[in-house]
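Heads up: the structure comes next, in structure tokens.
The values are calculated or read from the model by the stated rules, or taken from the named source; none is laboratory data. As the structure is a computational prediction, the values presented were derived from the model and not from experiment. Positions of Cβ are backbone-derived with ideal geometry, glycine not excepted, and every protein chain shown enters the neighbour counts.
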């Protein structure tokens, strides 16, 4: 990816050595240091570091907010973005769902945290559009690979830490340490006080929570139909309502309300007034059909699954799910155990098997399930969804987990069109 800067001595910058030439400067990052010789051999105009790019792009003219955690990054970031827009600010948002500016989509879905230069490019675009805030999801991969290097964060937020990505981090200890490493500076931080695995530098730290005393504490809530709550912030006690469902979303909302309050300097009452305008994120607790009741969610970790299924525990649940191939194998039996403990019936199927045999992935999941009598295995995801819908009785809820708003299925190296929501609609329409 080349970025044009016509007013500089070089015309372009790039972090890909193969794109270097006499008009193009090579941006040296922690990821591409090994390609420095190649960049020079290809005649790169010059070698610049990421701090120089920050100066060229005017990145110090925007407030950057980074959100990390195993679950809740997308909903929390989206809510902050929504609240800031509703309060009259110009803002941009980069994350799993894509890149957005001032309530319009600029780019579609991408990595949770893109390459370092791509992020700088997005910030540059946001600055050019007059945005005051840049909200970004920060993955554990991005922290480990230094893909947020050189960014001066106005606020860093921790949602939670549970098991994920052990295919990359190898051990849960390494994963926890990576997440926590993001919070060891003296910058402004907002930490989930109810997360026991959180570790952070105390200076400039604010907290939010439900169970424990915190800077922002939820002292009362209701999950009937819509969600409502009352936040205590020192001497202030402020109510809010939301269309989001589930106890876990109370944490996402608390983080977003607290962050917006800290960032904007608006009164807490003003922030809470716009909460109900946020309708949630596509593919997160998304009700695809009301009658019959069918819900699709992105949950793909044991904790994420437990949060979603516990939010629906008053109902009898038929749960369809799988696990991604070429990813953390150790979470698969844990996912099976969660599903079997909270569902009336479980349908295990494929979920982006990539280069693994789908049956091998299913076998890993089955290791966590003692009572196999409630389990059906169907490797064809469409057929598995159809089986659940055919088995569904009037008061039961079909919950389809793992892919959310993804519109593809990855088999080997190919991406095939597949959207759980569209599949549900097609099957119901044909009945």
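Table for the structure above
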| quantity | calculated |
| --- | --- |
| Candidates 68, 113, 29 - the one that is crowded, with 22+ Cβ neighbours inside 10 Å, within 30 Å of residue 301 (Cβ to Cβ) and at pLDDT below 95 | 113 |
| Any hit, the range 341-349, residues being closer than 22 Å to residue 404 by Cβ, assigned to a loop (DSSP other than H, G, I, E, B), in the same structural domain as residue 407 (by TED's automatic domain parsing) and under 24 Å from the mean Cα position of the chain (by Cα) | yes |
| Residues of the range 74-100 satisfying the condition of being within 22 Å of residue 252 (Cβ to Cβ) and free of Cβ contacts under 8 Å to residues at least 60 places away in the same chain | 81, 85, 91, 92, 93, 94, 95, 96, 98, 99, 100 |
| Residue that is in contact (Cβ under 8 Å) with a residue 60 or more places away in the chain, in a helix (DSSP H, G or I), buried (at least 24 other Cβ atoms within 10 Å of the Cβ) and over 16 Å from the mean Cα position of the chain (by Cα), where the choices are 308, 271, 294, 319 | 271 |
| Wholly enclosed strands (runs of 3 or more DSSP E) of the range 27-114 bearing at least 3 residues within 24 Å of the chain's Cα centre (by Cα) | 63-68, 91-95, 98-101, 104-107 |
| Criterion (surrounded by 18 or more Cβ atoms within 10 Å (Cβ to Cβ), in contact with a strand residue (DSSP E or B) (Cβ under 8 Å, 6 or more places away or on another chain) and not assigned by TED's automatic domain parsing to the domain that holds residue 256) met by exactly one of 126, 77, 44, 92 | 44 |
| Test: residue in the range 133-140 that is closer than 18 Å to residue 73 by Cβ and part of a helix (DSSP H, G or I) | yes |
| Options 337, 421, 381, 354; residue that is at pLDDT 95 or above, over 23 Å from residue 74 (Cα atoms) and surrounded by 19 or more Cβ atoms within 10 Å (Cβ to Cβ) | 381 |
| Identity of the residue in the range 194-208, crowded, with 20+ Cβ neighbours inside 10 Å and within 16 Å of residue 247 (Cβ to Cβ), that ends up modelled with the lowest pLDDT | 195 |
| Residue among 356, 406, 422 that alone is more than 23 Å from the chain's Cα centre (by Cα) and outside any strand (DSSP E or B) | 356 |
| Selected residue (only one of 220, 198, 213 is touching a strand residue (DSSP E or B) at 6+ places or on another chain (Cβ under 6 Å), at negative phi and touching a residue at least 12 places away in the same chain (Cβ under 8 Å)) | 198 |
| Criterion: under 28 Å from residue 210 (Cα atoms), surrounded by fewer than 23 Cβ atoms within 10 Å (Cβ to Cβ) and at pLDDT below 95 - qualifying residue of 107, 149, 174 | 174 |
| Yes/no for residue 342 being surrounded by fewer than 19 Cβ atoms within 10 Å (Cβ to Cβ), at pLDDT 95 or above, touching a helix residue (DSSP H, G or I) at 6+ places or on another chain (Cβ under 6 Å) and closer than 21 Å to residue 286 by Cβ | yes |
